Amino acid sequence: MTLERELMYLPRPASKYAGCYPKYFEKHIERLLGTKNYLHAFCGSSTTGLRIDINPESNADLICDVHHLPFRDNVFEGSFADPPYNAKFSDKLYDTKQAKLYTWSKELSRVTKPNGKIGIMHVVVLPKIHNCKYIKIVAILLRIWQITKIITLYQKDP
Ligand SMILES: C[S@@+](CC[C@H](N)C(=O)[O-])C[C@H]1O[C@@H](n2cnc3c(N)ncnc32)[C@H](O)[C@@H]1O
């Protein structure tokens with residue numbers, strides 16, 4: 001089976017927050033996940049979903065560490081995450097330790113309902129995450145010299 005693919009071109013940043021989304025990207029999250037009721041992890045300056053971030057100066061609804069989510073299992077229709085992409089970004093841009101993909105993605109999967117979709121923005125295609133299958137890869141071309149962003153989209157098992 002061929003994995004579904006999508007290409008976007010969004011050359012402008014959305015805000016001055018370090019590592020922010022491309023402008024106009026956020027409205028696509030609801031379309032990609034098929035719901036407005038999603039957990040938005042590593043939210044930074046974003047404005048949609050139930051927003052979680054460790055930085056008190058972010059736009060978060062809840063300040064907490066994504067490695068330990070204070071929610072019951074299977075409560076969100078979907079989840080989306082935009083983590084720092086490496087240890088240097090974590091340290092220099094956000095003053096955090098590098099987030100552990102295996103640990104926090106398992107948390108995202110735990111709080112997402114069965115069959116719910118989970119999207120993770122990064123600069124590479126990511127490995128499979130706990131209890132999920134691949135459904136789509138989205139590439140976002142940015143301005144000149146900016147590294148392409150890639151969203152790996154998963155679906156949680158029934
Ligand atoms: C790439 S930025 C996300 C920016 C966001 N997409 C936007 O448009 O503004 C990564 C975010 O992860 C947050 N972060 C880093 N480690 C975290 C952790 N362990 N738990 C929760 N948030 C964390 C940082 O504070 C930062 O806001």
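Before moving on, here are some points about what is shown:
- Matching option when the condition is acidic (D, E) and in contact with a helix residue (DSSP H, G or I) (Cβ under 7 Å, 6 or more places away or on another chain), among D95, D53, D73, D65: D73
Every residue, every condition in (1) aromatic (F, W, Y); (2) touching a strand residue (DSSP E or B) at 6+ places or on another chain (Cβ under 7 Å); (3) within 24 Å of A14 (Cα to Cα), yes or no:
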site	(1), (2), (3)
E26	no, no, yes
R31	no, no, yes
S79	no, yes, yes
S90	no, no, yes
K97	no, no, no
T103	no, no, no
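- When residues of the stretch 71-114 are limited to those that are of a type in the set (A, V, I, L, M) and touching a residue at least 40 places away in the same chain (Cβ under 8 Å), the one farthest from the ligand (Cβ to nearest atom): V111
- 1 or more residues near the ligand (Cβ under 10 Å from one of its atoms) and closer than 26 Å to R110 by Cα: qualifying strands (runs of 3 or more DSSP E) within the stretch 1-70: 38-41, 50-53
- Test: residue in the stretch 90-98 that is under 26 Å from I135 (Cα atoms) and exposed (fewer than 13 other Cβ atoms within 10 Å of the Cβ): no
- Search result, residues across the stretch 91-139 that are part of a helix (DSSP H, G or I), more than 22 Å from P56 (Cα to Cα) and aromatic (F, W, Y): Y102
- Residue within the stretch 52-62 that is in contact (Cβ under 8 Å) with a residue 24 or more places away in the chain and of a type in the set (V, I, T) present: yes
Readers should treat all values here as calculations from the given coordinates under stated rules, not as data from a laboratory. Please read these numbers as outputs of a predicted model, since none were measured by experiment. Methodologically, a virtual Cβ is constructed for each residue, glycine included, from the backbone with ideal geometry; neighbour enumeration extends over all protein chains shown.
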